[in-house]
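J.: The structure under discussion is supplied below as structure tokens; questions concerning it will follow.
The values are calculated or read from the model by the stated rules, or taken from the named source; none is laboratory data. Not measured: the values here are computed from a predicted model. Reconstructed Cβ throughout: ideal geometry from the backbone, glycine too, with neighbour counts over all protein chains shown. Areas reflect the complete protein model, heavy atoms only, side chains present, ligands, DNA and RNA absent. Shrake-Rupley method; radii C 1.70, N 1.55, O 1.52, S 1.80 Å.
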Amino acid sequence: MDEDDTEYQNDIAAQLAQLPRNVRVVQFPRNSTLGAESISDAKFLCQNNPQHETFISRVSLQPYVEAHHLVPISKQRDFERSLDIQENIIVLCPLCHKKFHHAEVSVQKELIENFYNQRKDLLAKKSIQITLDELLAYYGIC
């Protein structure tokens, strides 16, 4: 679903460590600075469960977490407003991030519903209107 995720995560780590970053052109570009800010704002903790343990990143020297767009960037063409905004970025430990993409449907659905309920009003204030059913369909859950 998000083929460029590894490169994006590396760009965020480089931003946090103030290292040079790779520059690339993609159809729907993401601003790694927003991901880095989201991670810093979350204090390098998993927003699904702050108790989740991870490892220390050799780049940032902070607990390793990843930025995930709740409404996938790959669906940008369905929206007039950019999906690459902090209100749409969730900070997750690597395991929770992979659950969004690869877990059994019941686990995915619970995660998506939880974060949708937390973020739907924030997204709406930024003119990103989406129903839970539409979001679930983006993840292949009908």
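J.: Can you tell me which residue in region 43-53 is surrounded by the fewest Cβ atoms within 10 Å (Cβ to Cβ), limited to those that are at pLDDT 95 or above and more than 16 Å from residue 15 (Cα to Cα)?
T.: Among those residues, the one meeting the criterion is 51.
Residue-by-condition table, conditions (1) at pLDDT 95 or above; (2) in contact with an Asp or Glu (Cβ under 7 Å, 6 or more places away or on another chain); (3) among the hydroxyl-bearing types (Ser, Thr, Tyr):
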{"position": "64", "(1), (2), (3)": "yes, no, yes"}
{"position": "67", "(1), (2), (3)": "yes, no, no"}
{"position": "70", "(1), (2), (3)": "yes, no, no"}
{"position": "95", "(1), (2), (3)": "yes, no, no"}
{"position": "102", "(1), (2), (3)": "no, no, no"}
{"position": "105", "(1), (2), (3)": "yes, no, no"}
{"position": "114", "(1), (2), (3)": "yes, no, no"}
{"position": "118", "(1), (2), (3)": "yes, no, no"}
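J.: Under 7 Å between Cβ atoms, which residue pairs at least 6 apart in sequence (or on different chains) link something in region 99-123 that is on the phi < 0 side of the Ramachandran plot and among the β-branched types (Val, Ile, Thr) with a partner that is open to solvent by less than 80 Å² (accessible area, probe 1.4 Å) and assigned to a helix (DSSP H, G or I)?
T.: Pairs found: 107/99; 112/135; 112/136.
J.: Okay, moving on. Where residues in region 83-106 are among the acidic types (Asp, Glu) and farther than 22 Å from residue 63 by Cα, which of them is surrounded by the fewest Cβ atoms within 10 Å (Cβ to Cβ)?
T.: Ranking the qualifying residues of region 83-106, first place goes to 104.
J.: On to the next question. Is there any pair with a first residue in region 42-55 that is on the phi > 0 side of the Ramachandran plot and part of a loop (DSSP other than H, G, I, E, B) and a second that is surrounded by fewer than 19 Cβ atoms within 10 Å (Cβ to Cβ) and of a type in the set (S, T, N, Q) whose Cβ atoms are under 6 Å apart and which are 6 or more apart or on different chains, and what are they?
T.: 44/62
J.: Follow-up. Looking at this structure, is residue 127 part of a loop (DSSP other than H, G, I, E, B), within 25 Å of residue 13 (Cα to Cα) and among the polar types (S, T, N, Q)?
T.: Numbers: part of a loop (DSSP other than H, G, I, E, B): yes; within 25 Å of residue 13 (Cα to Cα): no; among the polar types (S, T, N, Q): yes.
It is false that residue 127 is part of a loop (DSSP other than H, G, I, E, B), within 25 Å of residue 13 (Cα to Cα) and among the polar types (S, T, N, Q).
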